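Beneath this line is the structure, given in structure tokens, with notes to follow.
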Amino acid sequence: MDSFDLLKTFREVAALGSFSGAAKRLGMSKATVSKYVAELESRFGVRLLNRSTRSVSLTDAGALLLERSKPVMEMVALTQAELHEHASRPTGRLRISAPHGMGQGDLPLLLAQFMGYYPEVSISLHLSNRTVDMADEAIDLALRFGPITDDNLIVRKLLQMPLVVCASPIYWKKHGRPEHPSDLATHDTLTHSRLGAHPQWRFDVDGKPLDVHVRSRMDSTEAAPLIEVALQGFGIVYLPVLLVQPHIDRGELIPVLQDYVRGDMWLSAAYLQRRHNSAALRALLDFLQTRIGARAKGTKGIPAAKA
């Protein structure tokens, strides 16, 4: 039994001057009420109530506890009401983590629209390409690309991210187009820095994953510099279609190996617990899934092509 229950029971007995009356109001047995008051007296080491066969009255210590416990009980009741409000109505501040690149995309607009729908919700957006520790950094929601293997996180997939291998017409004319993912080992590639000094690109071949070691001519923590270098003819990129679709549409980048690109890349929302999440977090998850899904339906896909 916790101290709150003990105090609540004591205050009911003091208010009604009766163990049986307090038991009836609290929906408890008279024996349990007596036990709770006795436990409270034991914890404080002092008698709180004078008991007789006809009445119950406060001792000096009991009167002091009744007076001093009032603001505590009021604060607890107010806090409980506010916590219930957090659980039932979107309010409060949400801390969101996302990759740097999303700060230049649609995410700020989506968050603005969300705040328009929920004026009592505030947002702290943390942009970082590292994998944040959500518990240590008090992050409510992390937006991440690619597979998430942390068993401590609950993952909601928001949008499948088709990938594309592409390079400029100048590059393909000079080096030739690969016919199989393994052919990329002899090409110049432009890779993300997180892949390290010995980068690998994963493909699907006959339904099985194939990791190809590639030779990185340049790496970057952001996709934009890699795309620009690819446009100049200095290497191949392997990126989400949405990042390069305009260049493909204009013929500035030519896709290859589309029958082999991996299909397990998603933009996902990750959070720490499945139960007792705030109403604000639940509302944001539903909002992002609805809005991002609607935008995805209008996204133009790259033409199927195999070199």
L110, sole failed condition from (1) assigned by TED's automatic domain parsing to the domain that holds S278; (2) free of Cβ contacts under 8 Å to residues at least 40 places away in the same chain; (3) surrounded by fewer than 18 Cβ atoms within 10 Å (Cβ to Cβ): (2)
Among the candidates L65, L16, L26, L94, residue that is surrounded by 13 or more Cβ atoms within 10 Å (Cβ to Cβ), under 30 Å from F145 (Cα atoms) and modelled with pLDDT of 85 or more: L94
Elements of type strands (runs of 3 or more DSSP E) contained in the stretch 124-189, each with 3 or more residues being over 30 Å from P246 (Cα atoms) and among the aliphatic types (A, V, I, L, M): none
Qualifying positions in the stretch 95-124 - closer than 20 Å to T221 by Cβ and touching a helix residue (DSSP H, G or I) at 6+ places or on another chain (Cβ under 7 Å): A98, G101
Condition broken by P169, with the remaining ones in (1) under 26 Å from R217 (Cβ atoms); (2) surrounded by 19 or more Cβ atoms within 10 Å (Cβ to Cβ); (3) modelled with pLDDT of 85 or more satisfied: (2)
Which numbered condition N50 misses (of (1) surrounded by fewer than 12 Cβ atoms within 10 Å (Cβ to Cβ); (2) polar (S, T, N, Q); (3) outside any strand (DSSP E or B)): (3)
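Condition check ((1) free of Cβ contacts under 8 Å to residues at least 24 places away in the same chain; (2) touching a strand residue (DSSP E or B) at 6+ places or on another chain (Cβ under 8 Å)) across all residues:
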| residue | (1), (2) |
| --- | --- |
| E67 | yes, no |
| V72 | no, no |
| L78 | yes, no |
| L94 | no, yes |
| Y117 | no, no |
| D136 | yes, no |
| L159 | no, yes |
Qualifying residues in the stretch 232-257 (those that are over 18 Å from E179 (Cα atoms) and small (G, A, S)) - the one surrounded by the fewest Cβ atoms within 10 Å (Cβ to Cβ): G251
Some residue of the stretch 190-208 being among the charged types (D, E, K, R), touching a residue at least 60 places away in the same chain (Cβ under 8 Å), surrounded by 14 or more Cβ atoms within 10 Å (Cβ to Cβ) and touching a Leu at 6+ places or on another chain (Cβ under 8 Å): yes
Qualifying residue in the stretch 36-47 (condition: exposed (fewer than 13 other Cβ atoms within 10 Å of the Cβ) and among the polar types (S, T, N, Q)): yes
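The values are calculated or read from the model by the stated rules, or taken from the named source; none is laboratory data. Just so we're clear, the structure is a prediction, and the values are computed from it rather than from any experiment. Cβ sites come from the backbone with ideal geometry, for glycine too, and all protein chains shown count toward neighbours.
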